[in-house]
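The values are calculated or read from the model by the stated rules, or taken from the named source; none is laboratory data. These figures come from a predicted structure and were not determined experimentally. FYI the Cβ positions are ideal-geometry reconstructions off the backbone, even for glycines, and counts take in every protein chain you see. Note: areas computed on protein heavy atoms with side chains; ligands, DNA, RNA excluded. Shrake-Rupley method; radii C 1.70, N 1.55, O 1.52, S 1.80 Å.
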Amino acid sequence: FGFGQVAENFIKKLSLENYDINLSATSRDQSSLKKIGKITYRNFNFKDEKFDANLIAEIKKSDHILISIPPINGKDLVIKNFSKIIENSKVKWLTYLSATSVYGDHIGKWVDENSQTKPKSSNGLSRLYAEKEWMSLSISKKIPLQIFRLSGIYSDEKNILLRLKSGKVNLIKKKNHFFSRIHVDDIANILFKSLEIFKNREIF
């Protein structure tokens with residue numbers, strides 16, 4: 001669900017590793033066949049609460065599901081539209097990509113998976129709510145789930161150095177303000193590793 005840079009790099013990693021994969025993805029584009037690397041996949045239209053009805057059959061037979069769509073207006077649209085279908089699917093690896101905004105402001109202190117979540121931003125609040133919804137579904141319906149809280153993503157194509165060179169950069173100067181970043185390839189490698197080592201209901 002969602003085919004942004006994280007999902008794309010994950011699929012490219014699978015392609016490089018010569019994984020035999022039968023891929024379906026969602027985007028706001030019209031439903032069609034597309035190709036990434038050596039993999040031809042089916043793209044299904046999914047926008048807000050409207051989606052290609054053929055997507056339902058694909059979910060039912062899916063054994064790996066990646067959710068990389070952020071909440072919209074405080075709601076997780078995948079839970080809202082497809083939770084009943086996912087309950088009756090063959091999924092054995094369900095991964096929700098969340099964000100470190102769920103931690104809120106810890107005044108510059110280190111945070112980890114056991115740190116208190118105290119978001120104040122609307123993004124952080126909606127992310128944490130979505131996490132809890134997925135965890136509740138996992139527990140009640142015995143669905144294998146893992147959650148990754150991602151910080152700011154950068155890549156070889158999108159990063160601060162390139163923005164500085166192009167002059168398209170906003171300088172942010174705030175006292176005691178820190179930035180946290182992760183390279184998209186590191187996320188792809190971690191997701192790939194989790195295919196082999198899956199820790200149910202873990203948050204990373």
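For the pair segment 93-147 / segment 6-41, the C-alpha centres are spaced 26 Å from each other. Computed over protein heavy atoms with a 1.4 Å probe, the carbon and sulfur contribution to the accessible area of segment 86-204 reaches 52%. Shown here is the pair-distance distribution of segment 1-110: with all Cα-Cα distances grouped in 5 Å bins from zero up to the longest one, the shares run 2, 10, 20, 23, 19, 12, 6, 4, 3, 0 percent.
In this Cβ point-charge picture (+1 for Lys and Arg, -1 for Asp and Glu), the chain has a dipole of about 500 debye about its Cα centre.
Separation of the alpha carbons by more than 31 angstrom is noted, of LYS84/LYS193; LYS50/LYS193; LYS50/LYS173, for LYS50/LYS193; LYS50/LYS173. Rolling a 1.4 angstrom probe over the protein heavy atoms with all chains in place gives the chain an accessible area of 63 Å² per residue. The long axis of helix 77-87 is offset from the longest Cα principal axis of the chain by roughly 40 degrees.
Here the translational diffusion coefficient of segment 92-204 follows from Stokes-Einstein with Rh set to the Kirkwood radius across Cα pairs; for 25 °C and 0.890 mPa s it amounts to 154 µm²/s. For the peptides 19-29, 101-111, the ranking by mean Cβ contacts within 10 Å, running from highest to lowest, is 19-29, 101-111.
What is the spin-label model distance, in nm, from LYS60 to ASN170 if the labels are put 7 Å beyond Cα along the C-beta direction? If labels sit at LYS60 and ASN170, their model points lie 4.6 nm apart. Between the beta carbons of ILE85 and PHE179, assuming R0 = 41 Å, the FRET efficiency works out to 0.60 to the nearest 0.05. Farthest towards the positive end of the charge dipole of the chain, among the residues ASN18, SER115, ALA53, is the Cα of SER115, using unit charges on the Cβ of Lys, Arg, Asp and Glu. Please work out which option in (i) 12.6; (ii) 23.1; (iii) 14.8 gives mean projected area of the Cα convex hull in nm² calculated from these coordinates, and answer with its label. Comparing each candidate, only (i) matches the computed number. The DSSP beta bridges internal to segment 48-186 are antiparallel in roughly 5% of cases.
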